[in-house]
Structures are given as structure tokens and as C-alpha cells.
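Visitor: Dropping a structure here in C-alpha cells format, bear with me for questions.
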Amino acid sequence: MRTKVASILNLVENDEKLKPLTNRRPLAALPFGCRYRLIDFPFSSLSSIEAVSAALFISGSGHSLYDHIRSGATWGLESSVGGGVFTHSHIELKSRLDDSETYTENYYDDHNKYVSRVHPEYVVLMGSSMLSNIRLDSLIQFHKDKESDVSVIYKKLKRNELIDDSIYYSLAMSENNNDRVEGYHPLTEIKNGDESLFLNMEMMILSKNTFLDYLFKAKQKKLDITVNNFIDLTVEANNPIYGYEYTGYLKVIEDIPSYYEANMDMLNEDNFNALFYRANPVLTKPKNSAPTYFGDTAVIKNAQFANDCEVYGTVKNSLIFRKVFVSKEAQIEDSIIMQDSYIEEGAYLKYVILDKHVYVKKGAKLEGTRENPIVVAKNSVIYSDGNIEEG
Amino acid sequence: MKTETVAMILAGGQGSRLGKLTKQIAKPAVPFGGNYRIIDFALSNCANSGFNTIGVVTQYQPLILNNHVGDGSSWGLDRNNGKATILQPYSSMEGEKFFKGTAHAVYQNIDFIDDKNPDYVVILSGDHIYKMDYQKMLDYHKKQKATLTVGVMPVPWEDASRFGVMNTDKTDRIIEFQEKPENPKSNLASMGIYIFDWPTLKKYLVDNQAKNRQLTDFGHNVIPTYLRNNESIYAYSFEGYWKDVGTIESLWSANMEFLDPAHELNIRDRNWRVFSKNPNTTPQFLTSSAKVTNSMITDGCYIAGEINHSILSHNVKVGKNSVIKDSFIMPNVVIGENVTIEKAIIGESAHIHDGVEIIGTEDSIEVVGYDEEVGGYSDEN
């Protein structure tokens, strides 16, 4: 029998350094890998354990996210028996507010209402900034085997696999080799690039009763419902926390370079297979589309495409989203071109990220660097002289 | 709420001339154009014409077809006031209701149509590749105050004897019907598309059944009966791309025509989209050794070889140094390394092992069946 879980996705995530890509969309709605958005990954994990509901907490209105999720049917979240996507928008986390008075009581009640209604065995807390493909069934098995009350997911990494000013944390693992977690500390405290660490992926599973207990405590102390606050509460209560090691593909999406690298990682077959073919199938909103057409003049080297494109030019080491038109003699290298963009003849793009619906005029040239790719905002026009008119 | 029109898509035929491609699945479910199955064109025409109450009549090998159509949600047909319903033969007090012909299939589903109580019933075939606005034909039907309107297409006179042809008067009223005539009097071929006034058709079907004269087939029985009874039957002329992909060669050539970006079907037209059930799969991956020209590639493909003038459906894998030319590859096919495929149709989920050559000619297209394995080590030795 499947395990009944309630899932809470905290999508009030740090996206300052991803602007302009996150100007009008939450991090969770960030397009990735030709045809996905980041939310597809946690949702696909939930889908694989046949979870039927999810509660989302987002700041702002989240139009792009709703448009993508719709009824949640893609991930099996639309069941008329106990299912549904419960969205809570315009959430402001206390940790981000100067004035705690604006903080609403509803925030805790919404969590309580959702979890109480689902009657789950477990509650899962997730986010969308840790691009990965988590086997929740394995996590649940680990949680049961350890007779654990609270388990968190980590990945072993070297410090230099994460950005210097990362806002994330490393777990303090017990030295007794018993998978026990004793706390966490900020990555910025680790200076040596070669140092190994246990990246706290900020994903947690806990029993319903423990969740409701912590929720009550969090409300009293006016704490945000986050994995880290819950780790603190567990440590305070002197209860054990177990760390579950994730060994699949992971990229922490924190800024433009890490977002760019995550996409480029997919052009490496090992990474691509690890993310898409070694764990859960990754499900995304189905779109009606025609196959992509490659013309007589197309030259393609190591590139990925979604359906519905027409390609007559040269595309190398790049990812091309849906409905992109690449004219002949246009050249795209080491770039990410999002949905609905149009590239005219003779244009040259290298180390560039085009957000949706960007129009590149004849002969326009734009070249960033691998470390600092140029990002062009949604609906912009790039003129032949290289001038960019923002959309 | 009243339903003005019910569309019945007849999708029960085997399509035996497609050989092994219709051994396990019905012809309307045969893959086409990389992302589609043949029936998608009729279903999308219905959706685009604003007809959303649709009966899909299936019979022969219906599993894949039924699964594909589902509740019609892929075509936006899962609304409160209409949806796609799969209609299959069933048994009742009167015995088993296997469909003996096109009109008989409708007779057997009178209950379904009556439940909707429509003014008009549109009869369509799930076998053809075309885009057509049935609403325009319905407007014409109403204007002519016809009890039956037949969709016709002018064909070259030398081909007319292969079709059922309609001989019309100056007002486009049909005065004579000839089934595959030696000496055709008209070049207007029936497309197998009919709009009937439902009360009239029902009366004919029921009355004749009561007299033990079954109206089995629309072409052979119903149209001649209507003509004898002086019903007003009009021809509605369709001009545009229309293809019956009833043979291996026509299925192949229709796919090759489909490849042309200037093709009349204009598959990328946002105002008349062809919908299908879209598989959830990964982006298409063209590696450093890939060479892809004049071809259509679909999501989920992994290509390390050379593809020229071909259609690859979703999730096709092509290994290094393999060359695919002038071919149609159906979904989930795995092609190894150093394979040569030319002028061929490769069936769904077939596996072509390293080094195999499959080379057809325009008059004799090579076909590999569904799930077939070609080459590799044989277990029998």
C-alpha cells in the first residue's frame, strides 16, 4: 500500500541573484532543460509515491506557476478523493520582513488546515532550488528502517561545487557514523574549496504528530515553517534527526552562473541520464506540439531541443526551448534560448541566456563569458547593432 | 442542454492493406508524422470545428486506440457539455452487436446518439489525413435544407473509378451514386464524410431493420435508399490536402510530404492545431556526432547518427555512424550503431541492432513491424 503523505512546498525562495529571470516568476517557475520548470522535479518525486495533494506557499501572485500547474493533473495531484493543489500566495516569511506585525496568523492556520485535512502518515517539506530527482520511496524506507522521527536529505559535495556566497548550509553529521544529524552551519564558514561537506538540501520528512507539534511551537515563537527551523526545534527537544544521503545529480540554483551551469550540465550524457533516467520520470505540463524541423542548412553539435522549433542555422552546445526559430546562417553557441524566441539570419549568440519571446534581429552579435553569461529579459528585442530594447 | 450535433468517428476498421502495421492496432491508431496517430486529424478537426460531443466507434484491436483517445481531454473535449466517448460493440438481449458496416455501426449506437438528442449527426472516418472545417459543411447542409450532405473531393478523372463517385446536377444536388464505376460520370469522389438529419436517418435505420432489410453501409445501402426515396442529398466540395493512408506506400509518401515545411497541411498553424496525446518525455538530444538535415525530430529522441529527409517520432534512439534516409521511424524505436535505413517504415518499439541494413525502394517500402527485432544475436542457435 502506498504511504500517505502531506507535502508542503516552501516556494518563498531566494531569487535575488537570478534576476531578471525571476522578475516576474518565482524560482519554482524558472524554465529549465528545454521543456521543464524547476517545480517539475519535486512534483515528479511526489508523483512517484502517488501523493495526491500538495500545499504551496509562495510570495507574490505566482501567475506563471499556476499556469504551469493548473489542476496538478500532470502529477496526479487532482484526485477528487482527498487530492488537490492548495496554493497560498502573497506569503511573506518573517525572516525576510523588518516589521513582524504584518506577519499573519493565517500562515500557521493554513499549514494546520492542510495537514489535518489530509490525515497523512508523514509530512514532507520541500523547495525547488535544489535541482535533483529525489526517490521519496527510498527516503520513506530509510525513515522507517531508522525508526526515525525526523529525517533530512543531504548530498556530499566539495565546497567549490557551490558558489562562494551561498546562502545554504552544511549538516553537522555525528562522528559515530550512525547517520545522525547534530545541526547545521552556513557554507560561508567553510573557506577551503576542497573541503567535503554534507549539503543540507532543505528537504525533510517527519511524522504528522511531530509536524503538528513543531507547527504549534513555531507559531508560539513566530518562526517560519522551514527545514532549518524544524531542525532547531528537534535539537532543542533533544530528539534524533537522521540524514539520508542523496547520490544523484544535484545543482543548487542560486544565481545566474549556477542556473546556466545546471542547464549546460544536461549536455553531458552522464548528468542528463542521472537526472532524467535514473530515478523518477520527470513530468511536466503537456503541451501540444509539432515535431522540430531541421532544414537543409542546419548544423547541430551537442545540443538539445524541445518540440515545435524550426532550425536552419548552426546550434552548438546549447539548449533550445519550444517554438524557437533559428534562421539560416544564424549561429548559437553555449547558450540557452527560451520559448518563442526568434533568431534572424546571421545573428551570433555565444554565452547568452534569452528569456522567453526575445527577438534577435539580422546580424546581431551578443557574446558573454562562460562565467558570466549575458541574460536578456523576456520580450526584449536585440537590434542588429547589438542594442537591446527591454520588453 | 440540447446538443445540436453529434460527431461519430468510425474507427473500427482494420486497414488490412497496411499489413503488419495493423496486425496489432487499428488503422486510426497507426502513428503518423512524428507526434500523431492518424485519428488525431479527425479528432482535431472536430475540436477546431466546435463539435465537442463525439462518439469514437472502435472494434478491431481497440486497446491502443481507446487508450489514446481516452476521454478526449488531449483535444480539449472533456467539457461539461460534451466529450469523446469510446463506443465498442456490446451484447444485449438482442444478441451481440458487432458492427457489420459503417451504417450498422451507427444503428448499433442509436442509444448513444438519442441520449444527446441532436438535430444532426456527422459521420467521419478516423482514417484520413486532412484539415477541414466541418462547421462550414454543416452551414451548407442547413442552407440547402438537405437531409444528407456528402463531403466530396474532385479527383483526376483517371482515378475516379477507384472511388465512390457522386453525379450531381447544376445545384450540386446528388442525382446518382456510382461505387467504383468503370465509366465514371463524375469526378467527385466521396470522402466518407456525411452530415445527416438525425431524425430522418434514424427513421430509415429503424424502419429497414424492422423489415429485416439491414442498411449495413452508408455508400452501398444508405445513399441508394435515400436516392430512391428522393431525399435531398447535396454534395459539399472540399478542396485541400486529403490523404487516405491506406497502404504502406501511401503512408510512407504522406509522411514524406508532411516533412516539407511548405506543406499544405501547415502543421504549425496556431489557428488550426492538430492535437494529440503528448507523451511526457525528455528534450531531443543531438550529440556531437549527429547530423540532422531536412528532418522532423520529436521529444525524447537521442541521436548520434545521421538523419536526412526522415521523420523520427518520440523516444527514438539512433547510435553512432548509423544513417537514416527517406524513412519514417515510429515511437520508441531503438537503432544501434552502423545501421543503414533507407525508404522504410520502422514500427513502434522495434529494435534494429548494430550493422543492419534496411533498404527499400519507392515502389516497395521496407517495413519493420511493431516490437520486431532485426539483427543481433539469435537466441535460437
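The values are calculated or read from the model by the stated rules, or taken from the named source; none is laboratory data. Not measured: the values here are computed from a predicted model. Glycine gets a Cβ as well: all are built from the backbone with ideal geometry, and neighbour counts include every protein chain shown. Quick note on the areas: whole protein, heavy atoms, side chains included, nothing else; ligands and nucleic acids left out. Shrake-Rupley method; radii C 1.70, N 1.55, O 1.52, S 1.80 Å.
Visitor: Applying the selection to region B:132-186, what residues are among the charged types (D, E, K, R) and assigned to a helix (DSSP H, G or I)?
Guide: Scanning region B:132-186 gives B:LYS136, B:ASP139, B:LYS142, B:LYS143, B:GLU158, B:ASP159, B:ARG162.
Visitor: For region B:66-75, enumerate the residues that are buried (at least 18 other Cβ atoms within 10 Å of the Cβ) and touching a strand residue (DSSP E or B) at 6+ places or on another chain (Cβ under 8 Å).
Guide: B:HIS68, B:VAL69, B:GLY72, B:TRP75, listed by residue number.
Visitor: Restricting the search to region B:163-183, which residues are exposed (fewer than 12 other Cβ atoms within 10 Å of the Cβ) and either among the basic types (Lys, Arg) or within 26 Å of the chain's Cα centre (by Cα) (or both)?
Guide: B:LYS170
Visitor: Against the definition (more than 10 Å from chain A (Cβ to nearest Cβ), buried (at least 18 other Cβ atoms within 10 Å of the Cβ) and either in contact (Cβ under 8 Å) with a residue 12 or more places away in the chain or of a type in the set (Gly, Ala, Ser) (or both)), how does B:GLY319 come out, yes or no?
Guide: yes
Visitor: If the Cβ limit is 7 Å and pairs must be 6+ apart or interchain, which residue in region A:297-308 that is facing chain B (nearest Cβ under 7 Å) pairs with which residue that is acidic (Asp, Glu) and surrounded by 22 or more Cβ atoms within 10 Å (Cβ to Cβ)?
Guide: Short answer, once both residue conditions are applied: A:ALA306/B:ASP299; A:ASN307/B:ASP299.
Visitor: Now, a different point. Within region A:23-67, which residues are within 25 Å of A:ARG117 (Cβ to Cβ), open to solvent by less than 40 Å² (accessible area, probe 1.4 Å) and touching an Asp or Glu at 6+ places or on another chain (Cβ under 8 Å)?
Guide: A:PRO26, A:ALA28, A:ILE49, A:ALA55, A:PHE57
Visitor: Taking region B:261-293 as the region of interest, how many residues are touching a helix residue (DSSP H, G or I) at 6+ places or on another chain (Cβ under 8 Å) and either facing chain A (nearest Cβ under 7 Å) or open to solvent by less than 70 Å² (accessible area, probe 1.4 Å) (or both)?
Guide: 13
Visitor: Looking at A:THR188, is it under 18 Å from A:LEU136 (Cα atoms), open to solvent by 20 Å² or more (accessible area, probe 1.4 Å) and β-branched (Val, Ile, Thr)?
Guide: The answer is no for A:THR188.
Visitor: So A:ALA279 passes all but one of these: (1) modelled with pLDDT under 95; (2) within 8 Å of chain B (Cβ to nearest Cβ). Which condition number does it fail?
Guide: (2)
Visitor: To continue, here is another question. With region B:330-381 as the region, which strands (runs of 3 or more DSSP E) entirely inside it contain at least 1 residues that are at negative phi and open to solvent by 80 Å² or more (accessible area, probe 1.4 Å)?
Guide: B:357-359
Visitor: Using the structure shown, decide if A:TYR214 is in a strand (DSSP E or B) and not β-branched (Val, Ile, Thr).
Guide: no
Visitor: Does A:ASN288 satisfy the criteria of being of a type outside the set (Asp, Glu), open to solvent by 10 Å² or more (accessible area, probe 1.4 Å), more than 8 Å from chain B (Cβ to nearest Cβ) and more than 15 Å from the chain's Cα centre (by Cα)?
Guide: No.
Visitor: Return yes or no: is B:THR200 open to solvent by less than 40 Å² (accessible area, probe 1.4 Å), over 16 Å from B:MET166 (Cβ atoms) and not in a loop (DSSP other than H, G, I, E, B)?
Guide: In short, yes.
Visitor: Given the conditions (1) over 23 Å from B:TRP198 (Cα atoms); (2) touching a strand residue (DSSP E or B) at 6+ places or on another chain (Cβ under 8 Å); (3) open to solvent by less than 10 Å² (accessible area, probe 1.4 Å), report the number of the one that B:ILE25 does not fulfil.
Guide: Unmet condition: (2).
Visitor: Before we move on, is A:THR247 within 14 Å of chain B (Cβ to nearest Cβ), more than 30 Å from A:GLU345 (Cα to Cα) and in contact with a strand residue (DSSP E or B) (Cβ under 8 Å, 6 or more places away or on another chain)?
Guide: no
Visitor: Condition check: under 30 Å from B:ASN81 (Cα atoms) and either open to solvent by less than 30 Å² (accessible area, probe 1.4 Å) or over 26 Å from the mean Cα position of the chain (by Cα) (or both). Does B:MET132 satisfy that?
Guide: Against the criterion (under 30 Å from B:ASN81 (Cα atoms) and either open to solvent by less than 30 Å² (accessible area, probe 1.4 Å) or over 26 Å from the mean Cα position of the chain (by Cα) (or both)), B:MET132 qualifies.
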